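The values are calculated or read from the model by the stated rules, or taken from the named source; none is laboratory data. These figures come from a predicted structure and were not determined experimentally. Neighbour counts run over all protein chains shown; Cβ positions are idealised from the backbone, glycine included. Quick note on the areas: whole protein, heavy atoms, side chains included, nothing else; ligands and nucleic acids left out. Shrake-Rupley method; radii C 1.70, N 1.55, O 1.52, S 1.80 Å.
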Amino acid sequence: MAKVAKHGESLSPADVAEVIEQMCPVENYRGKRVLAIVPDGTRTAPVGLLFQTLHGHIGDAVKTLDVLIALGTHQPMNEPAICQRLEISEPQRREKYRRVKFYNHAWNDPAALRQVGTITAEEISKLTNGLFDMDVPVEINRLVFDYDQIVIIGPVFPHEVVGFSGGNKYLFPGVGGPQILNFFHWLGAVVTNPRIIGNKWTPVRKIVDHAGAMVNVDKLCFCMVVDGKNLAGLYAGTPESAWDAASELSRQVHIVHKNRPFHTILSCAPPMYDELWTGGKCMYKLEPVLADGGELIIYAPHITEVCVAHGKVLHEVGYHCRDYFLKQWDRFKHYPWGVLAHSTHVYGLGTYENGVEQPRARVTLATGISQEVCKRINLGYRDPQTIRMEDYANREAEGVLLVPKAGEMLFQLKNPPEWAAG
């Protein structure tokens, strides 16, 4: 089922309630155990409206309705942060939602995971168009098997690893194990961000959907498409069908086409990106319009950490182009592939020949990360106090682009170069 708002308008709470009522007949949920899987705070969407409406509709009928945060490898959320994500006040938590249990996904705790199978080397070769030929074990948070149904609630945006987020991506990597997570993140990096992002049927999406089909639990998915503060569309169904429809609207809403590339881009990270691991989206979404030899500045004075979970590896490895790793694979293959993928996505395209790395364009951090650390991790540095956003505004004709809230809208060229053609 789908509801789509008129252009520039938003679906109402009544529209959301209608979709949930039709997709979730109360009699079908009586005595059931239901687990809602929702994103953490790094995704913009009215998750609270969806969850609260679902709870109001079936909460009295179900045996349990709990929440699992699809962290991937992001940092766990404390209870106040989860309440904020669900737009629940402290009194509501103590009273109306007191029976709801909150869980954070624990990707790095083997005891929290269950293997549901293995994608064979033959299947991997077919799904990746021959790029890889290896067995990939598939693990998922074992909590999902304690429930009769999982309900995925989350937005759909263009995404650097899978093409468009949403659907089964809330299972993998959302609540998945490290082996499949590392594999398909590196797969996306090998294909490269510009060739993946904003494209639907990528090799990574095929892997994610294949893994999702291996999870033998009833699944219902609510995919949201947000336009600014508006809920532009809501799609309900299987993770595959709801995502398929929602990504078509996301393609219309979330992609900005430009006539020419920009030699200077000031890409401003919103507060929801609290480390470079997530703030890197300010590069991913704008790399397609960054000119050869240009500079993209990630402006985020509030970011002081490279990454809490993977900082040690990133400080050791640094940020580099894809070929820097591929041409020295024996040196780097033992590091977590997902971390290597993040490294290449932030650094962008480049070459590595005869021991010399040459970026296609430069990435500079104007953050709370020191100049010393920036040098160590192989990224440029700019003192954020020297940046004035207004100096970059209204200069597109000069080749200067200001993006006040970067990370979700994808910028592409109307006539992309060969390296960005999907």
Rounded to the nearest whole number, the Stokes-Einstein translational diffusion coefficient of region 145-249 at 4 °C and 1.567 mPa s (Kirkwood radius, C-alpha pairs) in µm²/s is 94
Given labels modelled 7 Å from the Cα in the Cβ direction, how far is it in nm from K405 to T364? 2.6
Ignoring everything but the protein chains, give the 1.4 Å probe accessible area of T386 in square angstrom, nearest 10. 90
Stretched fully, the stretch from D323 through K6 gains (0.36 nm per residue minus C-alpha distance, one decimal, in nm) 109.6 nm
Indicate the gyration tensor shape class of region 57-120 (rounded, prolate or oblate), computed on the Cα atoms with a ≥ b ≥ c the square roots of the eigenvalues: a/c under 1.5 is rounded; otherwise a/b larger than b/c is prolate and the rest oblate. oblate
Under 16 Å Cα-Cα from K375, which lysines qualify once same-chain neighbours fewer than 8 residues away are excluded? K312
What FRET efficiency would be calculated for the residue pair A111, E353, taking the C-beta separation as r and a Förster radius of 51 Å, to the nearest 0.05? 0.65
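In percent, what relative contact order does region 116-209 have, based on Cα pairs under 8 Å that are 6 or more apart in sequence?
30 percent.
Keeping every protein chain present and rolling a 1.4 Å probe, give me the accessible area per residue for region 113-182 in Å². All intermediate terms of the calculation are to be shown ahead of the outcome.
Values: 2160 Å² over 70 residues.
Ligands and nucleic acids excluded, the figure is 31 Å² per residue.
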Regression test value, accessible area per residue of region 198-269, probe 1.4 Å, units Å², expected 36
From the gyration tensor of the Cα coordinates in region 74-168, what semi-axes in whole Å does the equivalent ellipsoid have, largest first, with each one equal to sqrt(5λ)? 34, 17, 12
Carbon/sulfur accessible area of the chain, % of total, 1.4 Å probe, equals 48
Going highest first, how would you order 395-402, 408-415 by mean Cβ packing within 10 Å? 408-415, 395-402
For the pair Q22 and E123, how long in nm is the line joining their label points, each one 7 Å along Cα→Cβ? 3.4
Zone of F145 (label point 7 Å along Cα→Cβ, backbone N under 18 Å): which residues in region 107-129? 107-119
Calculated from backbone phi, Karplus (6.51, -1.76, 1.60) coupling profile of region 368-383 in Hz, x at Gly/Pro: x, 7, 5, 4, 4, 5, 4, 5, 5, 8, 6, 10, x, 10, 9, 5
May I ask you to order 233-243, 91-101, 145-155 by the average number of other C-beta atoms within 10 Å around their residues, highest value first? 233-243, 145-155, 91-101
Using only the Cα atoms of the chain, build the gyration tensor, take square roots of its eigenvalues as a ≥ b ≥ c, and label the shape rounded, prolate or oblate: rounded if a/c is under 1.5, else prolate if a/b is larger than b/c, else oblate. prolate
Among all the aspartates and glutamates, which ones have a C-alpha under 12 Å from K219's C-alpha, if same-chain residues fewer than 8 places away are not counted? D148, E240
Distance check, please: which entries in K32/K281; K126/K169; K6/K258 exceed 28 angstrom between their Cα atoms? K32/K281
Please calculate how many Å² of accessible area region 368-418 carries per residue, with a 1.4 Å probe and no DNA, RNA or ligand atoms counted. 61
Compute the distance in nm between two label points, each set 7 Å from the Cα along the Cα-to-Cβ direction, one at I387 and one at A421. 3.4
Starting with the highest mean, order 281-291, 209-219 by the number of other Cβ atoms within 10 Å, averaged over the residues of each peptide. 281-291, 209-219
